[in-house]
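Here is the structure we will look at.
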Amino acid sequence: MARPSSSRVARVRSTTAPRSPKSVRTVRLRGTPRDPLFVPGGIKPRVPPVPQESPALLHRFSPDAGVVPVCQTSRVSPSRPDVLPPVEALIRRLTGVPGREDRLRHLEVLPAREAVHEDWPSWVPDDVRGAYAAQGVARPWRHQVLAADAAHAGDHVIVSTGTASGKSLAYQLPALSAIRGARGSLGQRGASVLYLAPTKALAHDQLAGLGSLRLDVRLAAHDGDSSREERDWTRDYGEYVLTNPDMLHRSLLPSHHRWSRFLGSLQYVVVDECHHYRGVFGAHVSHVLRRLRRVCAMYGAHPTFVLASATVAQPEVTAARLTGLDVVALSQDDSPRGRVSLLLWEPPFTSHAGENGAPVRRAASSEVADLLADLVAEDVRTLAFIRSRRGAEQVALTAADLLAEVDPSLPGKVAAYRGGYLPEERRALEAALRRGDLMGLAATNALELGIDISGLDAVLIAGFPGTRAAFWQQVGRAGRGAQDALGVLVAKDDPLDTYLVTHPETLIGAPVEASVFDPSNPHVMGPHLCAAAQESPLVEADLPLFGPTAREVVDELTTLGLLRRRPRGWFWTHSGRAADLADIRSAGGSPVQLIEADTGRVVGTVDAGGAHNQAHPGAVYVHQGETWLVEDLDLEHHVATMRRDEPAYSTTAREVTDISIVATRERRSWGGCELSLGEVDVSHQVVSFLKRRQPGGEVLSEEPLDLPERALRTTAVWWTVPDDVLAEAGLAALDVPGAAHAAEHCSIGLLPLFATCDRWDIGGVSTARHADTGVLTVFVYDGHPGGAGFSERGYRTAPDWLAATREAIAGCECTSGCPSCIQSPKCGNQNNPLDKDGAVALLDALLAGAPRGG
């Protein structure tokens, strides 16, 4: 990392109100977040070595958790011996800017790790070994050899080692060796490999890396950008084909007879970045992979699956659920790593008041723009992760403006990187960052995956990215190889972010979340059974491949007339493509196109679920910095027409939500209270919208809307509190609705800490007296038909989840509620009523009867 220069620190204009200083919680030298040993068929925890004691830090040993540092309250010392001087000096400069003295909430130093090498496996052909040696890989790391040996022996493997730990070599070795070793004397195809990535960009990055080896292997990408000629060549001659689950679902499997030679010789299937397959998307991909296995078997192939992810909990469980196979897990990381100094950073409250007079924190993106400018001015190569495309552009622009005040030559050192850029534009930006022509890049999560951006010194993250898995992926982009690095998480104004920066042990000391998805969801399974029946008639022997409930779903599809049973099995009965029944990246129906009224130009799209709230008649819609006024919403044809306008107001939809219990699957008694899991019917109706003056936010008027009701049958977790428990808690009848509403909002905000979901994937309803229970009830439900596994995860972890909810509300610095605790950006009732103190009392009453220890 470049040594800082005090003369080039960017100036930051103070726009925040002062507040009382807080102490920094400091922890030194921890082990990696998760580092289990390689065990065939599973994993077990490894107790890390106990570091040397130091006067500033005590260690507590737990058989379950290993060595747990005890947080102590202190300021960051200028003479900390465990931080290398350049990084320490940089942290001092970042925190020493006037007005920033109390924004650092926590500093964690992850120790360096030495590499452990191993000899090349004897089965690797000389030309393959030589190709890697030519790229500087003299000897592989031990975990690469263990994984490659297992896959070569025919074991299905998941490689779950850290970011930049060389997982690609672990699966490329057996795959390339199989192709080179099985090639016939006349060069005909002897073995084939299928590589699956969640994004086209990652597949093309892998393709470039494989091409640089200069081996005699026929490589090809097969995706939506491929021409017909390229697709034909890939099908007929490709040996190592790189694609994505979407193309496998819509192209390869429906036309498998044309791919018979490739599929019949398929020896390896690589599923890269497999932690991305979660929720409804994960359930869809699990059935796509089962269909692939079934079609391959028809041509006599039974490929070995190799999965990879830097951040997945219970890797063998996730891999088995995705593939339906027994999988060997390898998680011991033998690659080198430098020290990583990790800062948890919280912007201060501003002097402005938000909705209902609540205090508002400075935006995380504004804070990141300042930090990015400072780091670029210090010659620190930095990547800033921003949640939205527009935000990435704005952060880059703001950072450039700040740098221009320091040195006119510096603004050109910063750029934005996001989806929507042309491939050649993205490649040019990546190359400029590698060369050092660019020192700062503001990017969306398009750069979160394993795209090769090496040599970074620092990573800034504007708001918790939703899961610990994504957080460690993003932090891991800095410090490639053995170099030291800096990572900064800047909290946004959100309950989860606030909780994490004030409870760092829940982020840094905890394992990543389990990948939550439910392959048994009939709304997901049904379309794939139809697609499988069109690929080849389903027979009884096929059904166990799709899960224990497959026969029940097949019978329902037969009753509906989608399948027809004949002596040879179940057949698809329609002339259309069954694969079109399943949109594997969505479960909410066709997106709504946003059309410019005068020209008919498609401006953009909004998903079906959000159209009622964002594209209703009269809505003010902002797209790429331009403001539009929606004139009409045609739900039948999935089109909204709009015109460019600059109204002096914004709009917010008001929504009425009702929920009814269909069936209770499980329940637990918590003293006088009760926790339940089951099926619910949810109905939503947008009934009006508010016009709010901009700036200012005062309500100008409320306009009625006539939109249809939307119905959803899904899975929910709910808890009930009877009247006598409320009375004992001192909650008056007038306080109960606001208390329940506030607890609902914060629990939705905290559930992503326990399940791999975003708060926009789930919904909630609270009522002082629900018709089906007769008492106070709070529901949290999956926002996808049939459920996605999120609320079930909430049910399984409810004591910890709701205790964290209570702590987040009670620990917030505001007096009566704010976006950092109980206010929600998606509330259909305009965050009214809300009662912060009442929510704490309500959750105390609920948790009094909860089981101890989770």
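Read-outs throughout are calculated quantities, based only on the coordinates presented, and are distinct from any laboratory measurement. None of these values were measured; they are calculated from a predicted model. With ideal geometry, Cβ positions are generated from the backbone for all residues, glycine too; neighbour counts draw on all protein chains shown.
What the table below lists for this structure:
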item	result
In order through region 591-607: 3J(HN,Hα) via Karplus (6.51 cos²θ - 1.76 cosθ + 1.60), integer Hz, x for Gly, Pro	x, 9, 7, 9, 10, 6, 4, 6, 10, x, 5, 7, 7, x, 9, 9, 5
Estimated FRET transfer efficiency when R0 is 56 angstrom, pair Arg139-Asp401 (beta carbons, to 0.05)	0.70
Packing-based exposure ordering (other Cβ within 10 Å, fewest first) of Met247, Met642	Met247, Met642
Which of Tyr268, Tyr299 has the fewest Cβ neighbours within 10 Å, and the rest in rising order	Tyr299, Tyr268
Kirkwood-based Rg to Rh ratio, region 592-647, C-alpha trace	0.91
Distance in nm between pseudo-label sites at Asp102 and Arg668 (7 Å out along the Cβ direction from Cα)	3.8 nm
Rough spin-label spacing in nm, given labels placed 7 Å along Cα→Cβ, for Ala208 and Arg585	2.0 nm
Theoretical gain in end-to-end length, Thr627 to Leu560 [0.36 nm per residue, Cα-Cα removed]	19.6 nm
Distance violations [Cα-Cα > 29 Å] among Lys691/Lys836; Lys200/Lys413; Lys167/Lys826; Lys167/Lys413	Lys167/Lys826; Lys167/Lys413
Amide proton proximity set for Gly604, modelled H, under 5 Å, gap of 5+	Leu594
Region 767-784 - phi-based ³J(HN,Hα) in whole Hz, Karplus 6.51/-1.76/1.60, Gly and Pro as x	8, 5, 7, 8, 4, 8, 10, x, 9, 4, 9, 10, 10, 10, 10, 6, x, 10
Phi to ³J(HN,Hα) by Karplus 6.51 cos²θ - 1.76 cosθ + 1.60 over region 306-322, Hz, x for Gly, Pro	10, 10, 9, 6, 7, 9, 8, 7, 6, x, 5, 6, 4, 5, 5, 5, 5
Estimated FRET transfer efficiency when R0 is 41 angstrom, pair Ala541-Asp634 (beta carbons, to 0.05)	0.30
Alpha-carbon spread of region 526-606, three principal axes, descending order, Å	57, 25, 20
Loop-located trypsin sites (Lys or Arg not before Pro) in region 778-854 whose Cβ has at most 10 other Cβ within 10 Å (DSSP)	Arg852
Burial ordering of Leu372, Leu263, fewest other beta-carbon atoms within 10 Å first	Leu263, Leu372
Contour minus Cα-Cα distance for Met298 and Arg435 (0.36 nm per residue)	44.4 nm
Theoretical FRET efficiency, 1/(1+(r/R0)^6), r = Cβ-Cβ of Asp800 and Arg643, R0 45 Å, to 0.05	0.35
Total formal charge among the other residues, if their Cβ is under 11 angstrom from that of Gln144, Lys/Arg +1 and Asp/Glu -1	-1
Computed label-point distance, nm, for sites Val699 and Ala733 using a 7 Å Cα→Cβ extension	2.5 nm
